[in-house]
Amino acid sequence: MNLASPFSIALVVITALAFLGLPIGLSMMCGSILYLLLAGADMGTVAEQFLNGMYSNYLILSVPLFVLAAEFMNIGSMTERLLAFCNVLVGRFRGGLAQVNVVQSIIFAGMSGSAIADAAGSGRMLQNMMTRDGRYTPSYAAALTAVTSVIGPIIPPSIPMVIYALVSDASIGYLFLAGMVPGLLMAGLQMMQVAITARRKNFPVEDPVPLRDIPRITWRAFPALMMPVVLLGCIYSGITTPTEAAALAAAYALVISLVIYRSISFAAFYDSLLLSAKSTASIGMLIAGSLVFNYVVTIENIPDTLRVLLTSWDLTPTGFLILVNILLLLLGCVLEGTAILLIIVPVFIPTAQALGIDMVHFGVVVVVNIMLGLVTPPYGLLLFIMTNISGVPVKDIIRDAAPFIFWMVVSLVIITFVPDVVLWLPRLMGYQG
């Protein structure tokens, strides 16, 4: 690559601006505009890419709606009721509260689609519950909440899968189905690790919930538990599109919290709208910047160049997947997940298609890699969120998270090299891949 070429200069500008603290979406816009100027291209292309990408893709609308659904869950009493229900299921075992942490992540995964929303929503409550009376160390509680939150965007619905569907044209419905078994696999391995640690460190056993209280606790949590059933049922029955289902999820969460649980004040409602708008604006700027930069990448013919290069290496599909896993795991340590999805992954897709790799399987592999990046240093966004919540140094959280990260990597290996783990459920529902 010519170091003085417009594309090289644009890359330097994007990298420099990002390191200086400018949001990556704005950095990509600035670098892409500079590229068009240096290349003598029509500057109206920037606006054209914005309009074509942001306003003609109905699927993008599901992102702010899933974010809003998560915020409505957090401000109501749904979290408390669901945690009480999880305690009924697994609280009586040794290390019961730690097992509750894993189980609640499975249940919350069917509602918000965002790891960050899951950690921020129930993280503080779980941290207080686990550390009360010194039952668990603050670092272990924080590490466990961080790693269990990763399950959220793997089990449907999933905002990262929506973004992957946007860049790959894969079916979002089948992607959602494909994430179910891998997410449960990861949760199962995490529960196994909790059980091993509980025996080794003699974690406390919680007081069992009296049998007479179980129906009452289950009934109080029932409306919240029905949310993923309603959401996924509407998608797979064909009643709604995924975007319409996201709107339904937000409306359902609001109605449950406002009408049935009566746990939302006007101030909390306003704050949730404000937080959702900020999160949506942040994601929207990143998508907008990536649309323009991907146009630049297309002009430079980078995907085809990479495909030819990888073809010349005579990679098998297995070799290609190993290479992608290594690169994404390394990039996940320093880049934000959405940026990887929008900038890096589109470059790999033509090669994956040429090698005959199923796009739904590839999507789940990509999303699991990106979720791992949320708990790996030095970037590890979930690590920093739990540091803020718990007040524990990042290095202590990383130490306690390490065994879970190992099992998450094992999950990734299984998901990568045993495609039937991913594709079994979509094929059961009619997928032809």
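What part of the accessible area of the chain, given as a whole %, is carbon or sulfur when the probe is 1.4 angstrom?
Details: 12370 of 18220 Å².
Ligands and nucleic acids excluded, carbon and sulfur give 68 percent.
Can you sort GLU71, GLU336 by 1.4 Å-probe accessible area, starting with the largest? Numbers along the way, then the final one.
Values: GLU71 30, GLU336 55 Å².
Correct descending sequence by accessible area is GLU336, GLU71.
With charges only on Cβ, +1 for K and R and -1 for D and E, what is the dipole size of the chain about its Cα centre, in debye, rounded to 20? Mind showing how you got there, number by number?
Values: 18 positive and 20 negative charges, 305 e Å.
Magnitude of the dipole: close to 1460 debye.
Quick check of the Kirkwood formula: for segment 1-41, what is the inverse mean of 1/r over all pairs of different Cα atoms, in Å? Working shown, then result.
On the way: mean 1/r = 0.1001 Å⁻¹.
After inverting the pairwise mean of 1/r, the radius is 10.0 Å.
Along the positive direction of the dipole of the chain (beta-carbon charges: Lys, Arg +1; Asp, Glu -1; about the Cα centre), which of ILE326, VAL345, SER390 reaches farthest?
Working it through, the farthest residue towards the positive pole turns out to be SER390.
Based on the Cβ-Cβ distance from ILE414 to ARG200, what FRET efficiency comes out when R0 is 35 Å, to the nearest 0.05? Please report the intermediate quantities before stating the final value.
Working: r = 25 Å, r/R0 = 0.71.
Calculated transfer efficiency: 0.90.
ASP169 to LEU20: FRET efficiency via 1/(1 + (r/R0)^6), r the Cβ-Cβ distance, R0 30 Å, to the nearest 0.05? Please list the in-between numbers first.
Details: r = 35 Å, r/R0 = 1.16.
For ASP169 and LEU20, the calculated efficiency is 0.30.
Tell me whether segment 370-418 comes out rounded, prolate or oblate; compute the Cα gyration tensor, take square roots of the eigenvalues as a ≥ b ≥ c, and use a/c under 1.5 as the rounded threshold. Could you put the intermediate results ahead of the total?
Working: a/c = 3.41, a/b = 2.23, b/c = 1.53.
Note, shape of segment 370-418 comes out prolate.
Relative to the longest principal axis of the C-alpha atoms of the chain, give the angle of the C-alpha long axis of helix 345-354, reported between 0 and 90° and rounded to the nearest 10°.
80
Specify the inter-centroid distance of segment 360-431 and segment 326-343, based on alpha-carbon positions, in whole Å.
Cα centres, segment 360-431 to segment 326-343: 12 Å.
Would you mind calculating the relative contact order of the chain from Cα pairs under 8 angstrom and at least 6 residues apart, reporting the percent as a whole number? Intermediate values should be presented prior to the final figure.
Details: 632 pairs, mean separation 106.3, N = 433.
Relative contact order comes out at 25 percent.
For segment 2-44 and segment 216-274, what is the separation of their Cα centres, given in Å?
If we compute the Cα centre of each part, the gap is 42 Å.
Would you calculate the separation in nanometres between label points at SER5 and ALA354, each defined as 7 Å from the Cα along the Cα-to-beta-carbon direction?
About 1.6 nm separates the two model spin labels.
At 0.36 nm per residue, and after removing the present C-alpha to C-alpha distance, how many nm does the segment from ASP42 to TYR270 gain when stretched out fully? Spell out each step's value before the answer.
Working: separation 228, 0.36 × 228 = 82.08 nm, distance 4.19 nm.
Gain on extension, ASP42 to TYR270, equals 77.9 nm.
What length, rounded to one decimal in nm, is gained on full extension from LEU428 through to LEU323, with 0.36 nm per residue of separation minus their alpha-carbon distance? Please report the intermediate quantities before stating the final value.
On the way: separation 105, 0.36 × 105 = 37.80 nm, distance 2.98 nm.
Using 0.36 nm per residue and subtracting the Cα-Cα distance, I get 34.8 nm.
Sticking to Cα atoms, compute the Rg of segment 316-432 to one decimal and its Dmax as the biggest Cα-Cα distance, whole number, in Å.
Answer for segment 316-432, Rg first and Dmax second: 15.7, 49 Å.
Viscosity 0.692 mPa s, temperature 37 °C: give me the Stokes-Einstein translational D for segment 185-259 in µm²/s, with Rh taken as the Kirkwood radius over C-alpha pairs. Don't skip to the answer; put the middle values down first.
Working: Rh = 15.7 Å.
Diffusion coefficient, whole number: 209 µm²/s.
I'd like the Kirkwood hydrodynamic radius of segment 232-274, using the inverse of the mean 1/r over distinct C-alpha pairs, in Å. Don't skip to the end; give the middle numbers.
Numbers: mean 1/r = 0.0872 Å⁻¹.
11.5 Å is the Kirkwood radius here.
Over the alpha-carbon set of the chain, divide Rg by the Kirkwood Rh and report the Rg/Rh ratio to two decimals. Display every interim value, and only then the final one.
Details: Rg = 22.0 Å, Rh = 22.5 Å.
Rg/Rh for the chain comes to 0.98.
Based on the Cβ-Cβ distance from LEU225 to ASN128, what FRET efficiency comes out when R0 is 35 Å, to the nearest 0.05?
Numbers: r = 23 Å, r/R0 = 0.66.
The computed FRET efficiency comes out at 0.90.
Mean-square fluctuation check for the chain, GNM, Cα pairs under 10 Å: which of LEU412, LEU68, LEU34 is largest?
It is LEU34.
Tell me which residues come under 5 Å, amide H to amide H, from VAL205 once H is placed; ignore anything under 5 positions away on its chain.
GLY95
Arrange the peptides 148-154, 161-167, 230-236, 304-310 so that the one whose residues have, on average, the most other Cβ atoms within 10 Å appears first. All intermediate terms of the calculation are to be shown ahead of the outcome.
Details: 148-154: 29.6, 161-167: 24.1, 230-236: 19.1, 304-310: 15.0.
The densest-packed peptide leads the list: 148-154, 161-167, 230-236, 304-310.
For segment 271-373, which chymotrypsin sites (Phe, Trp or Tyr not before Pro) pass both filters: DSSP loop (anything but H, G, I, E, B) and at most 14 other C-beta atoms within 10 Å?
On the way: sites: PHE293, TYR295, TRP313, PHE320, PHE348, PHE362; in loops: TRP313.
Answer by residue number: TRP313.
HN-Hα J couplings of segment 147-154 from phi, Karplus 6.51/-1.76/1.60, θ = phi - 60°, integer Hz, Gly and Pro as x?
Couplings: 6, 6, 5, 4, 5, x, x, 8 Hz.
In whole Hz and in residue order, list the ³J(HN,Hα) couplings for segment 7-24 that follow from phi through the Karplus curve 6.51 cos²θ - 1.76 cosθ + 1.60, θ = phi - 60°; x for Gly and Pro.
Taking θ as phi minus 60°, the curve returns 5, 5, 5, 4, 4, 4, 5, 4, 4, 5, 5, 5, 5, 7, x, 6, x, 4 Hz for segment 7-24.
Using the per-residue mean of other Cβ atoms lying within 10 Å as a proxy for protection, in what order, highest first, do the peptides 202-211, 5-14 fall?
On the way: 202-211: 13.4, 5-14: 17.6.
Most protected by this proxy first, the peptides run 5-14, 202-211.
The values are calculated or read from the model by the stated rules, or taken from the named source; none is laboratory data. Fair warning: this is a prediction, and the values are worked out from it, not measured in the lab. Please note: Cβ atoms are built from the backbone with ideal geometry, for glycine as well, and neighbour counts cover all protein chains shown. Accessible surface is based on the protein model in full, side chains and every heavy atom, while ligands, DNA and RNA are left aside. Shrake-Rupley method; radii C 1.70, N 1.55, O 1.52, S 1.80 Å.
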